[in-house]
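The values are calculated or read from the model by the stated rules, or taken from the named source; none is laboratory data. Keep in mind that what you see is a predicted model, and the values were worked out from it rather than measured. Don't worry about glycine lacking a Cβ; one is built from the backbone with ideal geometry, like all the others, and counts go over all protein chains shown. To get the accessible areas, we keep the full protein, side chains included, count just its heavy atoms, and leave off ligands, DNA and RNA. Shrake-Rupley method; radii C 1.70, N 1.55, O 1.52, S 1.80 Å.
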Amino acid sequence: MSGARLRVGGPHYYRLDPESNVGGEVYERMLLEHLPAHGIDLIVGVPRDHRIAQRSEDLQLDVLRHRLGLHWARAPLDFTPYVVALLRSGRVDVLRGHSVRHTGPALLLGRALARSHVPIVLHHHHLSARWSRLDAAISRRADAIVTVSEHSRRALLDAGVPGEL
């Protein structure tokens, strides 16, 4: 498959405001800007009050009904139908979750409902002591986890997430 580009997509709860200096938003913005240079086309479901401009053919924005500040407990209700639609349309080769708790459950549920085998990759930033068991349970069900530091990786391992993810 020489020259084929990987299509990676999923829902997002950040606005990705170009002026933001919030760590998670900066990380996401930089990732979305740099992945296309590595053969990845991105499909991102963004909040209706997003502030990111459509910049290239490599980044496709789908405006979803949720607003900025969507609570993680409600996210599966809003994100799962979008995930199912992405999978049933064949628009993605990989599902990507920018947050274990915010997007992980919807990606896992959507994949099950669509009866798909598309891999799920989750990004893990840090474990909150309050939610560490939940985050670890979600992480164990993903096909791969990307951590931002050795500290984050170690926290997942300590919570019982296999190192080979």
Can you name the residue in segment 8-20 that is over 15 Å from residue 67 (Cα atoms) and at pLDDT 85 or above and, of all such residues, is surrounded by the fewest Cβ atoms within 10 Å (Cβ to Cβ)? 8
Identify the residue in segment 138-165 that is more than 14 Å from residue 121 (Cβ to Cβ) and polar (S, T, N, Q) and, among all such residues, is least open to solvent (accessible area, probe 1.4 Å). 152
Can you list residue pairs whose Cβ atoms sit under 6 Å apart, with the first residue in segment 71-98 being in a loop (DSSP other than H, G, I, E, B) and the second being among the acidic types (Asp, Glu) and surrounded by 16 or more Cβ atoms within 10 Å (Cβ to Cβ)? Count only pairs 6 or more apart in sequence or on different chains. 98/28
Do the conditions hold for residue 143, that is, is it at pLDDT 90 or above, more than 18 Å from residue 83 (Cα to Cα) and under 17 Å from the mean Cα position of the chain (by Cα)? no
Matching residues, segment 105-127, being without any contact (Cβ under 8 Å) to a residue 24 or more places away in the chain and surrounded by 16 or more Cβ atoms within 10 Å (Cβ to Cβ): none
Scanning segment 64-93 residue by residue, the ones that are over 29 Å from residue 131 (Cα atoms) and either exposed (fewer than 14 other Cβ atoms within 10 Å of the Cβ) or of a type in the set (D, E, K, R) (or both) total 5
For segment 112-124, does any single residue satisfy the condition of being over 21 Å from residue 27 (Cβ atoms) and touching a Gly at 6+ places or on another chain (Cβ under 6 Å)? no
State which residue pairs qualify: first residue of a type in the set (A, V, I, L, M) and inside segment 25-40, second residue surrounded by fewer than 17 Cβ atoms within 10 Å (Cβ to Cβ) in any location, beta carbons under 6 Å apart, and separation of 6 or more residues or different chains. 40/6
I'm trying to understand the selection: among the residues of segment 50-63, which are farther than 19 Å from residue 92 by Cβ and either loosely packed, with under 12 Cβ neighbours inside 10 Å or at pLDDT 85 or above (or both)? 53, 55
